[in-house]
Amino acid sequence: MNQLPWPLKTLKREATPAPADFIPAEPVTGSVFFSVCLPPPVHGQALVNASVVRAAQAYAPAEKIVVEDIGPGGNKFGLKYHLTRLRRVLHAGAGLLRGGVAPGRRLYTVFESGYGVVYNFLLIGLARLLGYDVVLHHHTSEHSFVRQGRFALLQRLAGPRCLNVALSDDMAENLRLLYPELRPVMVSHNACHIPAPALSAADRRAAPRQGRLRIGFLSNLCREKGLDVVLDVARQCRARDLDVTFVLAGPTVGEDAAALLKEGQDSLGDMIEAIGPVGPQAKAEFFDSIDVFLFPTRYRYEAQPLVLLEAMSYGLRIVTTNCGFISELVGDHGAVFDPDEHLVEDIVDEVERMVRAPDLVRRGAEGVEAHFLKLRAMAFDQLRQLTQRMFAPASRSLPKPPPLASLPLHPPAARIF
């Protein structure tokens, strides 16, 4: 489980000092009804949702906040998953109804992908009938690259006062270009939901590790996230006689992935270390044990993967693919390749470059960490602004959206730095 800015013991309000940035300067007048997926299961969106809820709890009195978990609980697939979600969504709807007509209140929820958008229509439609304004957080990115009729319709239902929360500047610009009627939009980056490690990159790299270059891969182990790419890269590294170890962390997803991993372990021997699912301590040890983080995802609509932010917080050089908004996130602090037929060869060339010049990795660690800390400071400021806007009086006028930029609706070209 990711560590977060505040301990994940409970989502109930606790009698602990609130971070100074989240103490309001004046009495809180607004109130927020949170209808979001919370852990379990543990995944990026649920962790960010929990962190936003805790920021709200640090900012506003308990009576100003209602939290409804509409996630599937411990269920990952199948009929029980869907029944649990439906039951919880209906329970959230009943909670809205119990509050009655409530002008001036806000519903905070997340735009769902796939069939989950049905829950958006149900809850947002009901909230609007009861006079709520809507705060809609975007953790998926497909609709920000291709105009979706269902999202455009949902925006009409949410009304002109709906506050859309994007993860990055590029995502916000894409949304404005695809949906000119959409307003207002603000950015709340994910970096503030990842803690800075106890040791700085300089301290961790003070005693350089000897021997093989260690390349880590942490994800749900499956083809979509690049498991087969990692294993093919390992095979080509062996063919080039590169002294490299690949450390794979995370659960295998499906029989195909399990078979793929076993075949790789059998054929590559000690080049592959598969450590399975990791908890908080094991995850920290994983990041501390590697030199480079490899994330060759094929998922075209990646938004802002928390695992990349975690890796950057450890000062690790990133090698990844140009999917979704990853290139914007990594910036000048890694190698970003197009996920095409040359991907494996491109990654192997990059690995060979690092093996031949190990100082390249060590010298870059502090720069990667500084980039993460800059993103984190910016993101905390954005989270504070989001919290203030959620609880602001509903009568407060909405800001005019900035002018549209001529941003292409595709990821920028792959880059290597």
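Can you give the accessible area per residue of region 139-296, in Å², using a 1.4 Å probe? Please list the in-between numbers first.
Values: 6320 Å² over 158 residues.
Heavy-atom SASA per residue in region 139-296 reads 40 Å².
The modelled label-to-label distance for the pair Arg298/Ser267, using points 7 Å beyond Cα in the direction of Cβ, is 1.6 nm.
Taking every Cα-Cα distance in region 207-314 and sorting them into 5 Å bins starting at zero, the pair-distance distribution P(r) comes out as 2, 12, 23, 25, 20, 12, 4, 1, 0 percent. In the chain, the DSSP beta bridges split such that about 5 percent are antiparallel, to the nearest 5. Ranking Leu107, Asn75, Gly131 by Cα position along the charge dipole of region 61-134, where only Lys, Arg, Asp and Glu carry charges on their C-beta atoms, puts Asn75 farthest toward the positive end. What nm value, rounded to one decimal, do you get for the distance between Leu360 and Ala284 when each label is placed 7 Å out toward the C-beta? Here the modelled spin labels are 3.2 nm apart.
Shown is the FRET efficiency for Glu142 and Val101, computed with R0 = 41 Å from the Cβ-Cβ distance and rounded to the nearest 0.05: 0.75.
Provide the per residue accessible area, probe 1.4 Å, for region 305-386, rounded to a whole number of square angstrom.
36
Solvent-accessible surface of region 18-132, taken per residue with a 1.4 Å probe and all protein chains present: 44 Å². Each Lys and Arg adds +1 at its Cβ and each Asp and Glu adds -1 at its Cβ; summed about the Cα centre, the chain shows a dipole of about 1860 debye.
Highest GNM mean-square fluctuation, the chain, Cα pairs closer than 10 Å: which of Thr297, Thr109, Thr252? Taking springs between Cα atoms under 10 Å, the residue moving most is Thr252. Residues whose amide H falls under 5 Å from that of Ala335, counting only those 5 or more places apart or on a different chain, are Ile318, Val319, Thr320, Phe417, with hydrogens built in the peptide plane. Within the accessible area of region 229-293, the carbon and sulfur atoms contribute 49%, probe 1.4 Å, all protein chains present.
When the chain is treated as a GNM with alpha-carbon contacts under 10 Å, the residue of Leu136, Leu47, Leu360 showing the greatest mean-square fluctuation is Leu360. Angle check, please: helix 280-289 long axis (alpha carbons) against the longest principal axis of the chain (alpha carbons), in degrees 0 to 90, nearest 10. Value to nearest ten degrees: 40. Roughly speaking, what % of Cα-Cα pairs in region 135-278 are separated by over 28 Å, rounded to a whole number? Across region 135-278, Cα pairs with separations above 28 Å total 49 percent.
Shape of region 246-379 from the C-alpha gyration tensor: rounded (a/c under 1.5, with a ≥ b ≥ c the square roots of its eigenvalues).
Shown for region 115-160: the carbon plus sulfur share of the solvent-accessible area, taken with all protein chains present and a 1.4 angstrom probe, equals 64%.
The values are calculated or read from the model by the stated rules, or taken from the named source; none is laboratory data. No experiment lies behind these values; they were computed from the predicted model shown. Because the Cβ atoms are built from the backbone with ideal geometry, glycine has one as well, and the counts that use them run over all protein chains shown. For accessibility, only protein heavy atoms count, side chains too; no ligands or nucleic acids. Shrake-Rupley method; radii C 1.70, N 1.55, O 1.52, S 1.80 Å.
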